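The values are calculated or read from the model by the stated rules, or taken from the named source; none is laboratory data. No experiment lies behind these values; they were computed from the predicted model shown. No Cβ is skipped: glycine too gets one built from the backbone with ideal geometry, and neighbour counts run over all protein chains shown.
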Amino acid sequence: MSRSVWLVAEHQDDQLHQGAAELASAARAVGDETVAVVCAAPGGTVPQQVAPSVDRVLVVEDPALDPYSAGLWAQAIVALAREHGPAAILLPHAPLGRDLAPLLASRLEAGLMTDCLELEWDEGLVGTRSVFRRKLVARERVATPLALATCQRGAFSAAPAGAPGAIVTAAVDIDADAVRTRLVAMERAEVGEVNISEAEVIVAGGRGLGDAEKFGIVQTLADALGGVMGASRPVVDQGWVPHDRQIGSSGVTVRPKLYFALGISGAVQHVVGMRESDVIVAINKDPQAPIFEYAHYGIAADVFKVVPALLAALGS
Amino acid sequence: MRIAVCMKAVVDSQARIELDGDGNLRQEQLRYEVNEYDLYAVEEAIRLVEENEGDVTVISLGADGAVQGLRKGLAMGAAAAIYVECDPFFLGPHGVALLLAAALREEGYDLVLTGVESGDLGCSQVGVLLGEELGFASTTLVVGTSAPADGHMQVRRELEGGEHATVQIQLPAVLTIQSGINEPRYPSLKGIMAAKRKELVHTTPAELGFAELPTPRVTALGLAPPPPRELARMLEGSAEEMAAELVRILREEEKAL
C-alpha cells in the first residue's frame, strides 16, 4: 500500500510560511506520496504556493479558517484524516504545532513525536530528537497506525520546487461555534530604540554571566567594538535587558558581520536567531557548551578574564 | 477561581548525563530539580488567586523527586498538593495526561496551568493532551493572563520573531505557561513553615482506576550521544594571549574590525 505523508501548511496573510518546504522534504523522505493540507479562507493563493513542493494539495476552504485557529484547523484535519487515512502528518515545532499537533494526536488517537531533527520510516515513523538540553539524542517510533511528528525549524533542508501537485478542494463542514478560543488581536514585533537586526556588530550575553550588574560587561565590549548589545532569552526573562534585545526564535533573527556570544550556552532557540552571522566568536567557560559548534572562533575561559584582556588588546 | 498547576521533577541537565555500555541512561547519578517552566506556572496561578480569590492545588506525578517540587509549590502559596506515585519515564505524554486527568477531573477546576514544556525531555504535549482528556479548551506559550470575566479570559500568546497574539479562551481551560511571564517568588521562611501543615494527598495509578499503566503511543528505541559537529577554532593560552590572537584574527584574517 502506498504511504501517504501529509504536512500542515502554515500561512499568514495569504503568505505560505517558508517552513512548509522543509516539512515537504521531511515528508518526501518517509512517504511515497506527499500531501499538503491547506486550511484557509476561500479565494487565497496558499494552495498554489505550496503545490510545487508536494504531490497533492488538499484544501479545506471556510472563512472561519483564517486566521489560524487550532480548534477549527483540527476539525478540518481530523475529518480529512479519517476519510483518507494518511500514514503520518507532519507539523512545524512552532507556535502552530505546539497547539495543533497534540490536539490532533488526542482526537485521532495517534502517537506524537515533537521537535524532530530527523525522520525515517522503519516499520513505522521513527524520529530523532534532542533530550537533556542536547546532551543526548533519543530515537523513537510511533506505535499507532497514524503517526504525528513536529519538525524543528531549520533541521530539514527545503524541498526544491517541482511540477506543481494537483490541488483538490475537500468538502468539510466547519462548525465555527464549537471553537472555544478566539483570536482578539495580533501584535507585531516591538522595535526598540536600537534595531539590533540591522547592526553590523553584536555582542550578546547569556545567563551564564551571573546577574544584571555583571551583564554590563556585554555593553562595555559592544561599545569598544562600535556594536550593539543583545541577549539570549533567559537574560530577558530575568529582566536584565528589555525584550527588544532578545535574539532567537521568539525574538529577533540577526545576521551581523561579527557576533560575540558571551556566556551563552547555545540552546537551539538562541542559535536559530544568530547562526547565519558572518563571523561568530564564543566565549564560555564550559568547553562542552553547544555554542562552540556554531562559532567560528572559540575561547573556553572565564568571560570576566578574557573580555578585559580583549579591551586592552583592542586599544593597542 | 480554582486552579491546578502541574509540576514535573526533571533531570538536572547541568549534572552529568551519561550512557552505560548498553546505551542505557545511568540513572543512579541523575539529579532531579523542579522544571523551571512550572515555577512560572505556579507563580501565575498564585497571582491569579491573589487578585481574583480562589485556591491553587499543585499536582505532580513521578518518583520521589516530585514531592520536593510539590513542597516548593506549597511554600510559594499553593493550598494543597496531590502526588501520584509512578514511574513517568515509561508513560509518555499521553499516559501522563490520562493519569493527571483522572486525578483532577472531579475537582471542578476553572483553570489548569502547566509549564510550556519540560526541561529534560521537552515533549511539550501534556498540557494540550490533558485539556482534551478533561474536555477543556487549551492554548500554549502563554506570556500574559488577565482576570476572568463572563466565563472567559484573555491571554497573550508568544509567537515567533517577537510577534504576540491576544486570544480569548473559554473556561475551564488549560494554559501552558512560557518562561518570563512573571518573576517566580522565592518561598519565604513563613511559607516554608506553613507548607509543612498543608495537605499533601498521596495517590497511585491503581487508586485512580488504572489497573495497568497506559500503553505509550510512542516507543523509545534508544539514546545516543549527539552526532559530532565541526567545532570552532579554539584559541589557547593565557587570557592575554587569546585576546591578542583573537584581535589579530578579526583584524587581519577576517577583516571584521
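Looking across the stretch B:162-182 at every residue that is in contact (Cβ under 8 Å) with a residue 40 or more places away in the chain and among the small types (G, A, S), the one that is farthest from the other protein chains (Cβ to nearest Cβ) is identified as B:A173. Taken over the stretch A:123-154, the criterion of being more than 9 Å from chain B (Cβ to nearest Cβ) and surrounded by fewer than 19 Cβ atoms within 10 Å (Cβ to Cβ) is satisfied by A:E123, A:P145, A:G154. Of everything listed in (1) modelled with pLDDT under 95; (2) in the same structural domain as A:I89 (by TED's automatic domain parsing), the single unmet condition for A:C151 is (1). When the residues of the stretch B:231-257 are filtered to those that are in a loop (DSSP other than H, G, I, E, B) and of a type in the set (A, V, I, L, M, F, W, C), the one that is farthest from the other protein chains (Cβ to nearest Cβ) is B:L257. Filtered by the rule that a residue be closer than 27 Å to A:P256 by Cα and not assigned by TED's automatic domain parsing to the domain that holds A:P95, the stretch A:154-191 gives A:E187, A:R188, A:A189, A:E190, A:V191. Of the residues making up the stretch A:248-273, those that are farther than 11 Å from A:S232 by Cβ, more than 12 Å from the chain's Cα centre (by Cα) and of a type in the set (A, V, I, L, M, F, W, C) are A:V252, A:V254, A:L258, A:F260.
Within the stretch A:104-156, the set of residues being in contact (Cβ under 8 Å) with a residue 60 or more places away in the chain and small (G, A, S) comprises A:S130, A:A147, A:A149, A:G154, A:A155.
Any residue at all in the stretch B:113-122 that is charged (D, E, K, R), out of contact with any strand residue (DSSP E or B) (no Cβ under 9 Å at 6 or more places or on another chain) and at pLDDT 95 or above? Looking for residues that are charged (D, E, K, R), out of contact with any strand residue (DSSP E or B) (no Cβ under 9 Å at 6 or more places or on another chain) and at pLDDT 95 or above, one finds none in the stretch B:113-122, hence no. Taking the numbered list (1) in contact with a Phe, Trp or Tyr (Cβ under 7 Å, 6 or more places away or on another chain); (2) under 22 Å from B:L213 (Cα atoms); (3) within 13 Å of chain A (Cβ to nearest Cβ) in turn, B:V67 passes all entries but (3).
So, in the stretch B:181-196, of the ones that are surrounded by fewer than 19 Cβ atoms within 10 Å (Cβ to Cβ) and of a type outside the set (D, E, K, R), which residue ends up nearest to B:L159 (Cα to Cα)? Ranking the qualifying residues of the stretch B:181-196, first place goes to B:Y186.
Checking the stated criteria, B:R185 turns out not to satisfy the condition of being charged (D, E, K, R), within 7 Å of chain A (Cβ to nearest Cβ) and assigned to a loop (DSSP other than H, G, I, E, B).
Given the residues B:A66, B:A80, B:A102, which is the only one that is in contact with a strand residue (DSSP E or B) (Cβ under 9 Å, 6 or more places away or on another chain) and surrounded by 22 or more Cβ atoms within 10 Å (Cβ to Cβ)?
Result of the check over B:A66, B:A80, B:A102: B:A66.
Summed over the stretch B:1-21, the residues that are within 14 Å of chain A (Cβ to nearest Cβ) and without any contact (Cβ under 8 Å) to a residue 24 or more places away in the chain give a count of 7. The number of residues in the stretch A:171-196 being surrounded by fewer than 16 Cβ atoms within 10 Å (Cβ to Cβ), in contact with a helix residue (DSSP H, G or I) (Cβ under 9 Å, 6 or more places away or on another chain) and part of a loop (DSSP other than H, G, I, E, B) comes to 8.
Across the stretch A:103-121, the number of residues qualifying as in a loop (DSSP other than H, G, I, E, B), facing chain B (nearest Cβ under 9 Å) and closer than 21 Å to A:S2 by Cα comes to 1. Could you tell me whether any residue of the stretch B:218-228 is touching a helix residue (DSSP H, G or I) at 6+ places or on another chain (Cβ under 7 Å) and either more than 8 Å from chain A (Cβ to nearest Cβ) or charged (D, E, K, R) (or both)? The answer is no, given that none of the residues of the stretch B:218-228 is touching a helix residue (DSSP H, G or I) at 6+ places or on another chain (Cβ under 7 Å) and either more than 8 Å from chain A (Cβ to nearest Cβ) or charged (D, E, K, R) (or both). Scanning the stretch B:116-161 for residues that are touching a Lys or Arg at 6+ places or on another chain (Cβ under 7 Å), more than 10 Å from chain A (Cβ to nearest Cβ) and assigned to a strand (DSSP E or B) gives B:V142, B:G144.
Does A:A79 fit the bill of being more than 11 Å from chain B (Cβ to nearest Cβ), touching a Lys or Arg at 6+ places or on another chain (Cβ under 9 Å) and more than 22 Å from A:Q12 (Cα to Cα)? Considered against the rule, which asks whether it is more than 11 Å from chain B (Cβ to nearest Cβ), touching a Lys or Arg at 6+ places or on another chain (Cβ under 9 Å) and more than 22 Å from A:Q12 (Cα to Cα), A:A79 comes out as no.
Residues are listed down the side, and each one gets a yes or a no for (1) surrounded by fewer than 24 Cβ atoms within 10 Å (Cβ to Cβ); (2) in contact with a Gly (Cβ under 6 Å, 6 or more places away or on another chain); (3) facing chain B (nearest Cβ under 8 Å):
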site	(1), (2), (3)
A:Q246	no, no, yes
A:Y259	no, no, no
A:Q269	yes, yes, no
A:A301	yes, no, yes
A:A313	yes, no, yes
